[in-house]
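Read the structure below first, then the notes.
We did not get these values from a lab; they are worked out from the coordinates using the rules stated. Note that the structure is a prediction, hence the values are computed from the model and not measured. Note that we place each Cβ from the backbone using ideal geometry, even for glycine, and neighbour counts take in every protein chain shown.
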Amino acid sequence: VSFGYEDIPATEKTARVGEVFAGVASRYDLMNDAMSGGMHRLWKDRFVARVKPQAHEQILDMAGGTGDIAFRLAKSGAAITVADINPAMLDVGMERAAERGFDGLVWTEANAEDLQFPDRFFDAYTIAFGIRNVTDIPKALREAHRVLRRGGRFYCLEFSTTTWPGFKDVYDAYSHKVVPKLGKLLANDEDSYRYLIESIRRFPDMPTFKGMIADAGFVQTKVEPLLGGLVAIHSGWKI
Ligand code: SAM
């Protein structure tokens, strides 16, 4: 199957991702609920439970978008910086923060590949459903490693490939037939949702991505599959 996104030059990918998320920002939360049947909330809860944020910590939520992870992290009292390449997503996030009374968060535009933060600044780095959109993933992982202090931790929540055979077929059918239709129906944007599904299909499998995290310098790298790996929590430590 070709979606027309097969051979995008690296330089264009970042721009394309920008268009996709600018287009969906205002309906992003509705779409997450619609497409995952509300399950993304449970995955995010599990993810933040694994991160175990502490009140005295500095945490960077990269590709933080509209703040779903940041708000969960902030409940611990940790200082949260939300960084995202797309100002439209951050705008929606800042509005939601104001509505919900989260006033201590820092919101900043940044490309995960090239961060403005100093070396060894953060205690933890989180990235949820963001890394697969990054053009140069190894570069982003090296930047994550750079901005973490020694003893700091890296946590990534991302779609992966489920290893449950029957479930994989159901998921493939769902993602290629249902998701673009939902995109059209709810956000009037079929193409963006085709792109999102395609980016999930192309993302490295769990062992490969775990290896990439180790290549960036992290140790004790781990992966926790959810639903057989449909979604996965990858983690590693900087020493
Ligand atoms: N983390 C949020 C969540 O779980 O709800 C948002 C996830 S959203 C699917 C992906 C986000 O990644 C978008 O807000 C997009 O702008 C951002 N993004 C894509 N490429 C990026 C990059 N190179 N640097 C920083 N953010 C990026």
Assigning unit charges at the beta carbon (Lys, Arg +1; Asp, Glu -1) and nothing else, what dipole magnitude in debye, to the nearest 20, does segment 10-237 show about its Cα centre? 720 debye
Between the modelled labels at Gln54 and Leu182 (7 Å from Cα along Cα→Cβ) the distance in nm is 3.8 nm
So what's segment 58-103 giving for Cα Rg divided by 2.2 N^0.38 Å, two decimals? 1.01
Once you have a ≥ b ≥ c as the square roots of the Cα gyration tensor eigenvalues for segment 86-201, tell me rounded if a/c is under 1.5, and otherwise prolate or oblate according to whether a/b is larger than b/c. oblate
For the chain, what is the mean residue ellipticity at 222 nm derived from helices alone (per DSSP H run of n ≥ 4: -39500 (n - 2.57); sum divided by total residues; nearest 500 deg cm²/dmol)? -14000 deg cm²/dmol
What ratio of Cα Rg to 2.2 N^0.38 Å holds for the chain? 0.96
Given a cut-off of 30 Å, name the pairs among Lys139/Lys181; Lys44/Lys139; Lys75/Lys181; Lys75/Lys184 whose C-alpha atoms lie farther apart than that in the structure shown. Lys139/Lys181; Lys75/Lys181; Lys75/Lys184
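Calculate how many DSSP beta bridges within the chain are antiparallel, expressed in % of all such bridges and rounded to the nearest 5. It would help to have the intermediate numbers written out before the result.
Numbers: 14 of 33 bridges.
Once the DSSP bridges in the chain are tallied, antiparallel ones form about 40 percent.
So how much slack lies between Ser76 and Leu42, counting 0.36 nm per residue of separation and subtracting their Cα-Cα distance, in nm? Numbers along the way, then the final one.
Values: separation 34, 0.36 × 34 = 12.24 nm, distance 1.77 nm.
Value of the extension gain: 10.5 nm.
What longest range of the chain stays clear of loop-exposed chymotrypsin sites (Phe, Trp or Tyr not before Pro) (DSSP non-H/G/I/E/B, at most 16 other C-beta within 10 angstrom)?
Numbers: sites that count: Phe3, Tyr5, Phe121.
Value returned for the longest uninterrupted segment is 122-239.
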Euclidean distance between Cα centres, segment 161-189 to segment 108-156, Å: 29 Å
